[in-house]
Structure formats: structure tokens, C-alpha cells
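Remarks on the structure that follows.
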Protein chains: 2
Amino acid sequence: MKPRLGILLSGRGSNFEAIAQNVLSGNLDCEIGFVFSNKPNAPGLARAREFGLPCGSIPSAGIERTLFDSQVADLLIDHGVNWVCLAGYMRFLSGQFVSQFSNRILNIHPSLLPAFPGLDAQYQALTHGVKITGCTVHFVNEDLDSGPILLQSAVPVLDNDTVESLSARILVEEHRIYSEAIAWMLRGNYRIEGRRVIQT
Amino acid sequence: MKPRLGILLSGRGSNFEAIAQNVLSGNLDCEIGFVFSNKPNAPGLARAREFGLPCGSIPSAGIERTLFDSQVADLLIDHGVNWVCLAGYMRFLSGQFVSQFSNRILNIHPSLLPAFPGLDAQYQALTHGVKITGCTVHFVNEDLDSGPILLQSAVPVLDNDTVESLSARILVEEHRIYSEAIAWMLRGNYRIEGRRVIQT
């Protein structure tokens, strides 16, 4: 049976779409088991429906985090999901959720972590005046943007960049390395040494 | 009259040597006015003597920092220095020194700042498990490794890297971008906007 990805998103989920296209074209040897959003109106959910993928949402308002996350985990497990990919999922994951999918949750962040964690990473990079930024695929742990790093790609910052132009340039690399990282994980030829993810 | 660089170093000063070779070969249109070390036995000072460059040291032990730095500034100014390049100079500069050479002090750091400031940047990068690190030429202010950034270069981290192999790979880029940044500053076609150094 093929590995089954669960995708968690809160917005348009452009990284989800790039992954989905790689799955459909056979570049990624896996299935998308479920696309979940905490926002019922997330454009990414509409795209999932267009792709004919199983998808759904649970509004998070008023539900305690651990309870909410356990409902999400149940939904994913019911759909046979064994790998979780965050694609613009704007919530912290509870420790219980993280340990349920231990070292099987990936995220992508639009900076060369550990620089510029958190929100508005491209804006942070621009105002800090760096000449190189990029994106990072990493395992998710309970801390923000800080799990072991699988892949990174460097992107130049240009003098006339705006947040929009820089974000667009980084996004091209996000779409490329996220699927590359997923393919690597699914092949299984890696080990984690301390914080380092090493190819075996 | 050509711009005159003052080089401050504490050790072997391999970046000093790369700069000196670019000055001697005419790639950098400036002179080296003085090579200073706080360590009388720094190998970089011996190299400066071999190059026939004006050089000297003041041992820093027991001298209050502001007084020490004002002696260094006097020495540089007496030798007509109007730009200062740090090349492995293991001391913080006093506010007075920084303002005496305001926006005319450069440093190179072996990471993509703001990631991994301070000592042992290559070791920090390795143990953090990043896949990309690099080096940064920046203006020096009173805070550690935090002035406006002129140039950066990205360097891959390999699975089998040691601190030594990674440092050697970064050093190649350090030698390249430090002289490139100096040439840019001496041409004068830049402006500083907030933290951003923009080409004009």
C-alpha cells in the first residue's frame, strides 16, 4: 500500500497544490489521504475538491487545542494517513498530535531557518537587509519552526524587491524542495543525528 | 590620494592576506595603510611584515577598552587610514571607535547572519543541522555581528562535513566577497536605508 499524506492548510495552500500535482503526475509515489483545514472557506479546500481529494474542515473556534488536535488526528488516521505535511497551517500543533505522528510531520518555512522564524518571514528578511534568504523543509516538533531540517534552498534578495516579489521568488523554490523532501522521506534513506538529518 | 585600509586582526588573518593580494595585484584600487593586531605574535602580523606593510601591535592586557581603542584609532589615523577592515579581530570595538570610523568599518562573519552570530559559527551551523550556511560582510556597529549587510554568499553543508571541511569551503567565499564588498564601498555607489545597503 502506498504511503498516504495528510495535508493541513489554512489558506490557499499553494504548496499543497504543488504536492498534489506531483502526486497526480506520478513524480511522488504516494497518495493524498486527506486535506484538512481549520478554515472551512480556505481556498485550498476548494482546490482539493476540484482535484477530487477527500477533504474537510473542523472550525477551531471555541475548541480546546488538545481536543481539536485529537479530532484532526482521528480524521487523518480514519483516512489511512501516515505522513502529515503542513502547507500554510496557521496553528501550533499540540504535543500529543506531534507524538502521534512522531518524525512524520513536515513543514515548509519561507526563510533559511533558524533565521526569521514565525510570521512574515519575507518581510523580516527584507527589513533585516539580508542579501540571501530562502526556504526550509523541516520536521515539526512542539516548538515554532525549529525541528530538524531536511532541505533548504537559497534565494537572492534584490535591491528593488518588495515583500511580494521576494515571496514569489521564494515560492518557486518552496514548491520544488517540498516535494523533493517528501520523496526523500518516503524512500526512507535518512537518519536523524541530534538535529541533523543525514542521507543513508 | 587612494583610500587607505586599516586591517585589524588577532590571528592568522587569512582574509587580510586575500585583501592584500588583491591590493598588490591591482584588483583593489586602494592601499593598506596599517595592519594592527592586539596580539604581538599573531601570524597575520608576520605576513604583513613579509608583504612590507606598515604594521604593529599594542597588547591589550590590563588596558581599559576605551583607552585601548583610542590608541588603536590614533595609530590608524596617523597612518592615514580612512577605512577599517576586521579580519578575525577578536575584540568588541568601543562606541567611540565605531563613531570615529562611522559606516567605514567592515567585518566578515562565517555564517549567513543573522543566523549563528558570535564564536564558532561553523560549529553552530553544523550542530543546528542547516543544509545551507555561508558568510556575510557587514558594517560594524556596537552590537555583535549585527550591522547592515553588504554582501552574503551561500555555501552548502554536506552530510560528511566536519567543522574543518565546512570552514574551508566557507573561507573560499569569504576571500572572494570581502574584497568584492571593499571594492563596492570604495566606489561609493551605495546608500544605507534602515538596515538595507542598496546599490545606487
The rounded separation in angstrom of the Cα centers of the stretch A:101-137 and the stretch A:1-29 is 21 Å
Would you mind giving the mean number of other chain beta-carbons within 10 Å of the Cβ of each residue in B:151-159, as a whole number? 4
Shape call, the stretch A:1-102: gyration tensor on alpha carbons, a/c limit 1.5: oblate
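Just add up the charged neighbours of residue B:39: K/R +1, D/E -1, any other residue whose Cβ is under 15 Å from the Cβ of residue B:39.
The answer is +4.
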Rounded to the nearest 10 degrees, what's the angle between the helix A:14-24 long axis and the longest principal axis of chain A, both from Cα atoms, 0 to 90? 60 degrees
Give the Cα extents of the stretch A:1-49 along the principal axes, in whole Å, largest first. 30, 18, 15
Just counting partner chain Cβ atoms within 10 Å, what average do the residues of peptide A:130-137 show around their Cβ? 5
Lysines within cross-link reach of residue B:131: Cα-Cα under 24 Å, excluding same-chain residues under 8 positions apart? A:131
Calculate, in whole percent, how much of the Cα-Cα pair population of the protein assembly as shown lies beyond 41 Å. 28 percent
Partner shielding of B:100-113, as the mean number of partner chain Cβ atoms within 10 Å, equals 1
Of all DSSP beta bridges located in the protein assembly as shown, what percent are antiparallel, nearest 5? 50 percent
Which of B:19, B:108, B:63 fluctuates most in a GNM of chain B (C-alpha springs under 10 Å)? That residue is B:63
Specify whether the C-alpha gyration tensor of chain B places it in the rounded, prolate or oblate class, a ≥ b ≥ c being the square roots of the eigenvalues: rounded for a/c under 1.5, otherwise prolate if a/b is larger than b/c and oblate if not. rounded
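Quick note: the coordinates plus some simple rules give every number you see, no bench work behind them. Quantities reported herein were computed from a predicted structural model and do not represent experimental measurements. All Cβ positions, glycine included, derive from the backbone under ideal geometry; neighbour counts span all protein chains shown.
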